[in-house]
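> First the structure, then my questions, so here it is.
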Amino acid sequence: MPSNYKKKKHRKHKNQSRPHEASDHEDDNDDDSSIDKSTLTAASIEQNNNKPFVVKYSEVYGRYLVATRDLKAGEKIIEVEPLAIGPWAESDPVCLGCHKPFKKDCEIVRCADCGWRMCTESCGEIAANKIHKRLECKPLKDHNVAKLQETCTGQQLKLMYEAIFALRCLLLKYVDRQRYAQLLDMDPLNSVRQGIPSLWKRNQECIVRRIREEWNFVEFSEEEIHTMCGIIEVNSFQIGQSDVHARALYPEAFFIMHDCTPNTTHTDDPETGVLSIRLTNNLKVNDPITLSYAYTLQGTLKRRQHLHDSKFFWCQCKRCSDPTEFGTHCSTLKCSKCPKGLVLSTNPLDQDANWKCQSCSYTAAASNVANFLDRLFKEIDIIDGNSVDLYEKFINKYKTVLHENHYLFLSAKHSLCQLYGKISGFLMHEMNLQQIEQKETLCRDLLAVVDKYEPGLSRLRGVIMYELHAPIMVIAKHQFETRQINASQLKRKLSEVLHLLKQSAEILLFEPAGTPEYDMALAARDAVKQMEN
């Protein structure tokens, strides 16, 4: 179960399985009977075509992957084509070929057959897997669905695009039985989702009724459509670069269990949609393979709520169980009653548990904390993405209320790290020494936290390392020229720069060509060559 992000009704017990999350499965938790720790046999590995993983089953976590041998960081363990691709939930109108939203005031082009909007007349023919022409184009034409767009509201149009993904998956039943069977191997968690009346009713009205009654695809039963809604909601990965609004379903990858400190990362090819999953850390044989279904730079309260709302489980991993989140204090507040007090949840695995100061008797209700953080989130969320001044003001405004590593500050710091040195008025040659020192401080703050949440060869570490190298180099040069440091000290600083560039290049070269991260890797590699020469 992946991204933004598990299993079919083969056997009765699998219907009751829940989305699996990693919880106490490390070596120091051998009392956890929910994880199958039996030694892998040569026969089981051979049966899995000698892949570096094998599927195991837990009554608590369902099916999950474990390593069949010792694996190295950076090793690619999965590379698969999508079974199906479609627009986001409640997506703005996108091209049904490439899933890119339409630019304002651009020419309106429609598919010559079905009448749905496309970026070009030929995109449905040339996009990955020719998905539009291969699947829904003729059925949409036969049912004259495009005509319904003439009288629908903006919200109804968004729901039509969402329903397209469900329809595509359902049509595989007649177009590609093998892919359809692979989709049905994913658990829709129907029993869990039916227990959430608002969700089930929403799907009934917006997807099931639309496909069966408005679009007249009566060959699909209500149960089939609800099941496909669940498969998509529970198992889809958000894919593509920032100009693509798509999600996809993949074989094998959906088995990977969740952990808030994952040991893998994933990329998808912008042209083909092929998903690659690689390790960020070394694994030993029998170690579970994990992926984060949530953004790691979020606090526990927010992160667990997101996982429950989107993936239908309450995470109980080691990070979620620790009020300090491995000593990073990503969720910690500062006490308003005593000068140095830190306010933490008394039980982070209970969303309703009180929060309490560690130095005095001050307590706060969880609902008050959640409301306060929601208000601050809305405040930072409306900041223009290029406004250095407003991000700096946000940090200064709440520095007496939030811990310096609070996730809302991490969000602001992350934005500032990428703005300093990149936008007009804040290019490296335009910033004063104090601003350059500020960029270094912010990058180091972020890197210290990311080293806890995404250690190893993670994309986020690679980007931050690249951002960090420039201020260190500029400051070192200034200090040497003004005789604040000697040649030996300069050499040590440049050695750190070289290390950061090498690590950044190693990590980001895994990204698909043409992405900003890949371009960053090439720049880092060139800088390394220049320094070594």
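The values are calculated or read from the model by the stated rules, or taken from the named source; none is laboratory data. The structure presented is a predicted model; accordingly, all values stated were derived computationally and were not measured. Virtual Cβ from ideal backbone geometry, glycine too; neighbours counted across all protein chains shown. Keep in mind that these areas ignore ligands, DNA and RNA; they rest on the heavy atoms of the full protein, side chains included. Shrake-Rupley method; radii C 1.70, N 1.55, O 1.52, S 1.80 Å.
> Once the cut-off is 20 Å, how many percent of the Cα-Cα pairs in segment 347-456 end up in the long-distance tail?
Percent of Cα pairs beyond 20 Å in segment 347-456: 51.
> Moving on. Provide the gained length on full extension for the span LYS76 to HIS306, in nm with one decimal, where the gain is 0.36 nm per separating residue minus the Cα-Cα distance. The partial results should precede the final answer.
Values: separation 230, 0.36 × 230 = 82.80 nm, distance 2.82 nm.
Once the chain is fully extended between LYS76 and HIS306, it gains 80.0 nm.
> Now, a different point. Could you sort 491-498, 342-349 so that the peptide with the highest average Cβ count within 10 Å comes first and the rest follow in order?
Top to bottom by mean Cβ count within 10 Å: 342-349, 491-498.
> For segment 212-240 and segment 346-374, compute the distance between their C-alpha centroids and round to whole Å.
Comparing the Cα centres of segment 212-240 and segment 346-374, I get a distance of 39 Å.
> Residue by residue through segment 85-100, what is 3J(HN,Hα) from phi via Karplus (6.51 cos²θ - 1.76 cosθ + 1.60, θ = phi - 60°)? Round to whole Hz and write x for glycine and proline.
Along segment 85-100, the couplings run 10, x, x, 4, 5, 6, 6, 4, x, 9, 5, 7, x, 9, 6, 8 Hz.
> Hey, with R₀ at 41 Å, roughly what FRET efficiency would GLN156 and ILE423 work out to, going by the Cβ-Cβ distance, to 0.05?
So, using R0 = 41 Å, E works out to roughly 0.60.
> So for segment 211-340, taking the charge dipole from beta-carbon charges (+1 Lys/Arg, -1 Asp/Glu), which of ILE239, SER221, VAL285 sits furthest toward the positive end?
The Cα lying farthest towards the positive end belongs to VAL285.
> Quote the charge dipole size of the chain about the Cα centre in Debye, to the nearest 20; the model charges only the Cβ of Lys and Arg (+1) and of Asp and Glu (-1).
So the magnitude is around 340 debye.
> Expressed as a whole percentage, what fraction of the accessible surface of the chain belongs to carbon and sulfur atoms when a 1.4 Å probe is rolled over the protein heavy atoms?
Its accessible area is 49 percent carbon and sulfur atoms.
> Here's a follow-up. What whole-number value in Å² describes the accessible area per residue of the chain for a 1.4 Å probe?
Accessible area per residue, the chain: 46 Å².
> Of all the C-alpha pairs in segment 63-191, what % are more than 26 Å from each other?
Working: 2699 of 8256 pairs.
That tail contains 33 percent of the Cα-Cα pairs.
> Follow-up question, since we're still on this one. Place the peptides 217-226, 79-88 in order of packing, highest mean first, counting for every residue the other Cβ atoms within 10 Å and averaging per peptide. Walk me through the intermediate numbers first.
Values: 217-226: 15.5, 79-88: 22.4.
Listed from highest to lowest mean packing, they are 79-88, 217-226.
> Also: Which order do the peptides 253-259, 372-378 take when ranked by the mean count of other beta-carbon atoms within 10 Å per residue, highest first?
Put in order of decreasing packing, that is 253-259, 372-378.
> Now, a different point. Round to the nearest 0.05 the FRET efficiency obtained for SER122 and GLU404 when R0 = 35 Å and r is the Cβ-Cβ distance.
Working: r = 53 Å, r/R0 = 1.51.
Calculated value: 0.10.
> Okay, moving on. With labels modelled as points extended 7 Å from the Cα through the Cβ direction, what inter-label distance (nm, one decimal) is found for GLU223 paired with LYS452?
4.9 nm
> A further question follows. Shape verdict for segment 283-415, please, from the Cα gyration tensor: rounded (a/c under 1.5), prolate (a/b greater than b/c) or oblate.
Numbers: a/c = 1.76, a/b = 1.21, b/c = 1.46.
Verdict is oblate for segment 283-415.
> Oh, and also: Multiply the residue gap between GLN178 and ASN282 by 0.36 nm, knock off their C-alpha separation, and tell me the result in nm, one decimal place.
34.0 nm
> Between rounded, prolate and oblate, where does segment 115-240 land on the alpha carbon gyration tensor, with a ≥ b ≥ c its root eigenvalues, rounded for a/c under 1.5, else prolate if a/b exceeds b/c?
Oblate.
> For ALA365 and LEU148 in the same chain, what is the full-extension length gain: residue separation times 0.36 nm, less their Cα-Cα distance, in nm? Provide the component values of the computation, followed by the final result.
On the way: separation 217, 0.36 × 217 = 78.12 nm, distance 4.84 nm.
That pair, ALA365 and LEU148, stretches by 73.3 nm at full extension.
> Tell me the Kirkwood radius of the chain: reciprocal of the mean inverse pair distance over distinct alpha-carbon atoms, in Å. List each step's numbers first, then the result.
On the way: mean 1/r = 0.0394 Å⁻¹.
Mean inverse Cα-Cα distance, inverted, gives 25.4 Å.
> With the crude spin-label approximation of a point 7 Å out along Cα→Cβ, what separation in nm comes out for GLN241 versus TYR295?
2.1 nm
> Considering only LEU373, TYR180, LEU498, whose Cα is most displaced toward the positive end of the charge dipole of the chain, charges sitting on Cβ of Lys, Arg (+1) and Asp, Glu (-1)?
It is LEU373.
> Label-point separation (nm) for LYS491 and LYS104, each offset 7 Å from Cα along Cα-to-Cβ?
About 5.7 nm, to one decimal.
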